[in-house]
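Before any comments, here is the structure.
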Amino acid sequence: MTQTLTIRRPDDWHLHLRDGAVLAAVLPETARHFGRAIIMPNLVPPVVTGAQAAAYRDRILAALPEGMTFEPLMTLYLTEDTDPADVEAAAASGLVKALKLYPAGATTNSASGVTNFDKVRPVLEKMAEIGLPLCVHGEVTDHDIDIFDREAVFIDRVLDPIRRATPGLRVVMEHITTSDGVDYVKSNTENLGATITTHHLIINRNHILVGGIKPHYYCLPVAKRESHRQALRKAATSGDTRFFLGTDSAPHTDENKESACGCAGCFTASNTMSCLAQVFEEDGALDRLEGFASLNGPAFYRLPANEATITLTKGDAVTYPDKIETADGPITVFDPGFPLHWAVTEA
Ligand code: DOR
Ligand code: ZN
């Protein structure tokens, strides 16, 4: 008997689309299955003002192939010079759905991020007032903190103090990778959600380092030990509405990944829904996939769930291209390391 699963069309609450040739190549990979996505602003230079976000949104829509429907939900990159009035206007017009906080130096193109958190206090207060979420890359960048501890230390030293100092600020802890992140979200009942990526549900740090270094599994925050992956799986498949999908699909060309200083990012846009169906089935939680991928995110962002649906069908192994071609070079698609049996058959 064929097994099928029809769910509301999913959204991706954390996505890197880049610009130019890469944007043109990766956008259809997301738009094929997803209705909307929160678009990361870490371009070079970053998307800082409402005007820049409007121009980027236009470039994304211009790159969308005929016949595809997709709504980019724009974000602004929070800098120490961000103007609260610009943020308020960009949110009021409906253009901007969140601000993104990168601690300076935390990851790809984060040089403009925040060093002195006192400088962004007026912006955070404005955001709390108008209910605009802050998306947080939760890693400290201090050189004396071990890379595997950066998320846990960030929660204690930065996130919790910010939330205490700005009551009412709505925060999304993005791409959580540890049980510390899961526990922090669960211990807070208000104004806090978290996204979890596809790849962090599937790989742990051994996948990156055992048997030769695997640059296509390297991302930030870096995957942690197995017990943390288990905690993420439990949170994602639990039905707890504070956890939702943000793929952090982050395209880099093979040349930039397979290098002596390889870029961070896993490109999961193409096969995420097949991967997730497999993960949720394995954990006996297929009935909770819709909540994680299609319902909990819109609820947090105070948006309606998509009316459209997609259907997944279980069958013989479904294959995806190993790479997608772009004018800048090939980009490797995430390899979950096991055969995928759920195909998106209607979208
Ligand atoms: O792995 C990552 N890649 N993590 C990030 O935070 C940024 C992203 C990128 O832009 O490549
Ligand atoms: Zn990201």
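Just so it is clear, none of the values below were taken in a lab; they were calculated from the coordinates. As the structure is a computational prediction, the values presented were derived from the model and not from experiment. Cβ sites come from the backbone with ideal geometry, for glycine too, and all protein chains shown count toward neighbours.
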Requested in this report: Normalise the Debye intensity by I(0) for the chain, one equal point scatterer per Cα, no solvent, then take log10 at q = 0.06, 0.09 Å⁻¹ and round to two decimals.
Outcome: -0.19, -0.44
Query raised in the report: Mind checking the angle between helix 20-31 and the chain's longest principal axis? C-alpha axes, 0 to 90 degrees, to the nearest 10.
Result: 60 degrees
Query raised in the report: Tell me which aspartates and glutamates have Cα within less than 13 Å of Lys214's Cα, excluding those fewer than 8 residues away on the same chain?
Result: Asp254, Glu258, Asp335
Query raised in the report: Between rounded, prolate and oblate, where does the stretch 293-347 land on the alpha carbon gyration tensor, with a ≥ b ≥ c its root eigenvalues, rounded for a/c under 1.5, else prolate if a/b exceeds b/c?
Result: oblate
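Give the value in nm², to one decimal: projected area of the alpha carbon convex hull of the stretch 49-199, averaged over all directions.
Working: hull surface 39.7 nm².
Reported value for the Cα convex hull: 9.9 nm².
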Query raised in the report: Angle between the Cα long axis of helix 121-130 and the longest principal axis of the chain, 0 to 90 degrees, nearest 10?
Result: 60 degrees
Report summary line: Given 67-75, 29-37, 255-263, the highest-first ranking by average Cβ count within 10 Å works out to 29-37, 67-75, 255-263
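Which of the peptides 193-199, 320-326, 110-116 is most tightly packed, and how do the rest follow, going by the mean number of other Cβ atoms within 10 Å of each residue?
Numbers: 193-199: 26.6, 320-326: 14.3, 110-116: 16.4.
Averaged packing, sorted descending, gives the order 193-199, 110-116, 320-326.
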Requested in this report: Rounded to the nearest 500, what is the 222 nm mean residue ellipticity of the chain from helices alone, with -39500 (n - 2.57) per DSSP H run of 4+ residues and division by all residues?
Outcome: -8000 deg cm²/dmol
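Which pairs break 30 Å Cα to Cα here: Lys224/Lys323; Lys97/Lys186; Lys100/Lys314; Lys126/Lys257; Lys100/Lys224? Spell out each step's value before the answer.
On the way: Lys224/Lys323 26 Å; Lys97/Lys186 24 Å; Lys100/Lys314 37 Å; Lys126/Lys257 39 Å; Lys100/Lys224 23 Å.
Check vs 30 Å cut-off fails for Lys100/Lys314; Lys126/Lys257.
Under a point-charge model restricted to the Cβ atoms of Lys and Arg (+1) and Asp and Glu (-1), what is the dipole moment magnitude of the stretch 175-315 relative to its Cα centre, in debye to the nearest 20?
Numbers: 13 positive and 15 negative charges, 56 e Å.
Rounded to the nearest 20 debye, it is 260 debye.
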